[in-house]
1. Amide H to amide H, which residues 5 or more places from G128 or on other chains are under 5 Å from it, using H placed in the peptide plane?
2. So what's the net charge close to G280: Lys and Arg +1, Asp and Glu -1, counting the other residues with Cβ under 13 Å from its Cβ?
3. Just to confirm the filter: which trypsin sites (Lys or Arg not before Pro) across the range 205-294 are DSSP coil and have at most 15 other Cβ within 10 angstrom of their Cβ?
4. Using θ = phi - 60° and the Karplus form 6.51 cos²θ - 1.76 cosθ + 1.60, what ³J(HN,Hα) does each residue of the range 7-23 get, whole Hz, x for Gly and Pro?
5. Give the share of C-alpha pairs in each 10 angstrom bin for the range 212-279, from 0 to the last occupied bin, in whole percents, shortest bins first.
6. With θ set to phi - 60°, apply the Karplus curve 6.51 cos²θ - 1.76 cosθ + 1.60 along the range 134-145 and write out the HN-Hα couplings as whole Hz, x wherever there is a Gly or Pro.
7. If you wrap the range 274-339's Cα atoms in a convex hull and average its projection over all directions, what's the area in nm²?
8. Using a simple spin-label model with points 7 Å from Cα along the Cα→Cβ vector, what separation in nm is obtained for R10 and L289?
Amino acid sequence: MIEVVASMARGPVFLAGELMECLITFTNPMSHLSTSASCEMLAWASAQIHCQFHASESRVALPAQGNKQDVQAESNTVLIPSRGERGQCVLDTPPKILFCDLRLDPGESKTYLYSEIVPIDGPPSFRGQAVKYVYKLTIGCQRVNSPIKLLRVPFRVLVLQGMPEPPFPQDEEVSPSNPFLEEEEASRRDARPLERALDMLMVTTSRRCPHMFNITNVRGKVAKFCIFKTVYRLGEDIVGTFNFSEGDIPCLQYSVSLQNEEEIQQHYQRRPGQVISVTGHGRHMESCLHTASSHFSLPIPLNVTPGFSTDIVMLRWRLHFEFVTAREPMEPPTVLQNQSEVTVWAGAEQVD
């Protein structure tokens, strides 16, 4: 028996174009004191990244080869990383050989470093109602005279739209460097794509440009709504304000929901005019009768996927509003100036 352990020291979330590093340890768990213990011989081991695409057959019409599954016989010696997986492999990196002809004595272990640039031309990780994009690091290993065994490590990929490419990447190799700080320089070069992405994200999401909207119905104006910006990053709070003092229609209650729209591109829709799938990710509700102004704050979850578009699906984000209004004007409660007793305000028993 061979034990294989994969560890991503920096965590399972990566940006497209970033360097992934994974430590892969192969161990012979047999005790060296065991009488039946014997050394293990491994023929080879390799690793590669691949992205699996899966679509709902009731919502997405794919070409005939899109639903074909790769099935590999147990006795084959050819590594297919997506063997037994659902859907189709839409992206993969060239496999990297970790070792050949490895001998492990009882209790002995060997660790190898796998490093690869996460492809920049792939979709982000996404689990929707109709479409799923799942990234995995597949490690294949074969003992002598035994079938191939696969270890799959799922991870998440974020794609930052509009991130500029480095103009002269070869300059990093020929630029002068301090030989005494080689490791520090190397780690700094590896961190540059992530630093550029974070800088770009901060600049883009920190720009404030208030947008004003008048909320009206057929009978008049309900409120004025203001949102301070329309570009947000994951984990940020969406903040907006309502001004009901300028409205003609009494508003009793409002709710704001954060939703995403998953739209299948026209060529891949199962039915013409197919309904867009909507998923909610948080809701704020508040009573606002006789309220001059109000505000809401909706956090963006860290586990969702930012808006993106591929040949098959488009993901957009939106705020969904609901207002409960009264048909007739409602008089606000009166407070006497010289009143010393406690006054209890009671809500209206019936409102049209």
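The values are calculated or read from the model by the stated rules, or taken from the named source; none is laboratory data. Treat the numbers as computed from the prediction; the structure is a model and nothing was measured. So basically every Cβ, Gly included, is an ideal-geometry build from the backbone, and we count neighbours across all protein chains shown. Remember, those area values only see protein heavy atoms, side chains included, never the ligands or the DNA or RNA. Shrake-Rupley method; radii C 1.70, N 1.55, O 1.52, S 1.80 Å.
1. Amide H neighbours of G128, under 5 Å, 5+ apart: Y133.
2. -1
3. R207, R208, R219, R233, R270
4. 9, 9, 5, 8, x, x, 10, 9, 8, 4, x, 8, 7, 9, 10, 9, 8
5. Distribution as computed: 16, 31, 27, 22, 4 percent.
6. After applying 6.51 cos²θ - 1.76 cosθ + 1.60, I find 10, 9, 9, 9, 9, 10, x, 9, 9, 7, 5, 6 Hz.
7. 8.5 nm²
8. 5.6 nm
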